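Scroll down for the structure; my scribbles are underneath it.
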Amino acid sequence: RLQESREKLSVCSKLCYAVGGAPYQITGCALGFFLQIYLLDVAQVDAFYASIILFAGRVWDAITDPMVGFFISKTSWTRFGRLMPWIMFSTPFAIISYFLIWFVPDISTGQVMWYLVFYCAFQTLVTCFHVPYSALTMFISREQSERDSATAYRMTVEVLGTVLGTAIQGQIVGKVDTPCIGSPFFFGLSNSSVAMEELNMTHDTESLTDTRNAYMIAAGVIGGLYILCALILLLGVRERRESSELQSDEPVSFFQGLKLVMNHGPYIKLIAGFLFTSLAFMLLEGNFALFCTYTLGFRNEFQNILLAIMLSATLTIPFWQWFLTRFGKKTAVYVGISSAIPFLIAVVVLDSNLVVTYVVAVAAGISVAAAFLLPWSMLPDVIDDFKLQHPGSHGHEAIFFSFYVFFTKFTAGVSLGISTLSLDFAGYQTRGCSQPGQVNFTLKMLVSAVPVGLILLSLLLFKLYPIDEEKRRKNKKALQDLREESNSSSESDNTELASIV
């Protein structure tokens, strides 16, 4: 009991730890919901090149996760810890690159390269923040209950971060009207450069400039929040060194650790299940702004609809935390994620109605909360199971977290690139006030039919996941016994050394 009391985390420590997850979610939500429509309608990048930017940026983001995990595993312990220096030094450069993503350069050629370079640079730098932050879960406490509690705090703040990202980006940008071109005049012209020049002459350039300025103001506000959250994390959380690591400072073999991790069955099954779940929600996130704007016809309301989803998700995080402790994590997965299916179908089947859309948005947010909380709550259980099977192998936490993020990001990048390319093939018209029927049908598929299919597939995969509540309790007891045995042997060694002296 004395040892457990020492491992207890204060509410202040949990809050400071949780705040550190907000920057990744704030920036990720702003990019996820708004970058596609920004590239197409504000920066006026061709849909084909926009798909290349989104695809390459997400794939590069996925590749950097295991790379950063590799370098973290080679990092020596410092007086600030092993993970904290990564968070400290990546923050200022990440903010600069994030701001430049939302800046429209005054260059006729090279615009695509501008967005590609700074998008990839930001994804690299935010990975240098988020991978060590995710692995920090295992170093704030050795008590599973404390880690689960801290994870619940973190998920609440992270979903609140998505609310902030949606609110800041959406409300600032929503204050100005992004100009569009009426369909009768627009669709009669070819998509040639000459036609585009004629359209630009009749276009309200001042309104477009105001829209671009609004995106930069939003980027500045989000950058300020990024700095504030990073400072709270660095000043309010102490990284604890595992007692097993104190015995040796030799660096962990990354590739040997990677082989062990990838051969761990529960980890692969957990990845497979959440791979398709995250893919479904990423498709919804990436195309929902376009869906609300063109298919539903709510051009001036889409930012408020997105905000309703995120607010609903934030308020229901405590409910899902209670639910998983009461009924188990696997049951929470089945109930939480499957609850999105009827609402994804309803938003497409029902006629365009603003009240109905808000009701569906609030209901869908409940499922979004489960998708946020459960993966990060279940991953520490897999790591504990791994430690029991490989008690002599230490320091692989960053590999678990980095490759978990790698697989989800890689598939999300592929899906987002393909979805934007699908819109291009369907005949998406840049800056059009309305879109052809093929585009509206494609958007319906991307936000409803495809996500529903992916969620059903993920639920089938979760049937294979072996760590239920009984298994989790046994692992917790076995780990506790292992640590007590390690502590008692260490104390006996110290007593023997003292008697010799």
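For the reader, a short list of remarks on this structure follows.
- Residue within region 147-169 that is farther than 23 Å from K329 by Cβ, loosely packed, with under 14 Cβ neighbours inside 10 Å and at pLDDT below 85 present: no
- All positions within region 354-369 that are open to solvent by 50 Å² or more (accessible area, probe 1.4 Å) and within 24 Å of the chain's Cα centre (by Cα): Y358, V362, I366
- Set F400, F386: member being farther than 26 Å from N440 by Cβ, part of a helix (DSSP H, G or I) and within 17 Å of the chain's Cα centre (by Cα): F400
- Looking at L246, L260, L279, L275, just one residue is open to solvent by 20 Å² or more (accessible area, probe 1.4 Å) and at pLDDT below 75, and that residue is L246.
- Residue tally, condition of a type in the set (V, I, T) and out of contact with any helix residue (DSSP H, G or I) (no Cβ under 6 Å at 6 or more places or on another chain), over region 418-429: 1
- Test for L311: is it open to solvent by 30 Å² or more (accessible area, probe 1.4 Å) and in contact (Cβ under 8 Å) with a residue 40 or more places away in the chain: yes
- Looking across region 210-241, the residues that are assigned to a helix (DSSP H, G or I) and of a type in the set (V, I, T) come down to T211, I217, V221, I222, I227, I232.
- Beta carbons closer than 7 Å, at least 6 apart along the sequence or on distinct chains, pair a first residue in region 338-349 that is farther than 13 Å from M445 by Cα with a second that is assigned to a helix (DSSP H, G or I) and open to solvent by 40 Å² or more (accessible area, probe 1.4 Å) for S339/I366.
- Residues (modelled with pLDDT of 85 or more and charged (D, E, K, R)) located in region 421-459: K444
- In region 61-88, the qualifying residues are those that are surrounded by fewer than 20 Cβ atoms within 10 Å (Cβ to Cβ) and hydrophobic (A, V, I, L, M, F, W, C), and the one that is farthest from D210 (Cα to Cα) is W77.
The values are calculated or read from the model by the stated rules, or taken from the named source; none is laboratory data. Source: prediction; values computed, not measured. Here the Cβ is made from the backbone with ideal geometry for all residues, glycine too, and neighbour counts use every protein chain on show. Heavy atoms of the whole protein, side chains included, go into the accessibility calculation; ligands, DNA and RNA do not. Shrake-Rupley method; radii C 1.70, N 1.55, O 1.52, S 1.80 Å.
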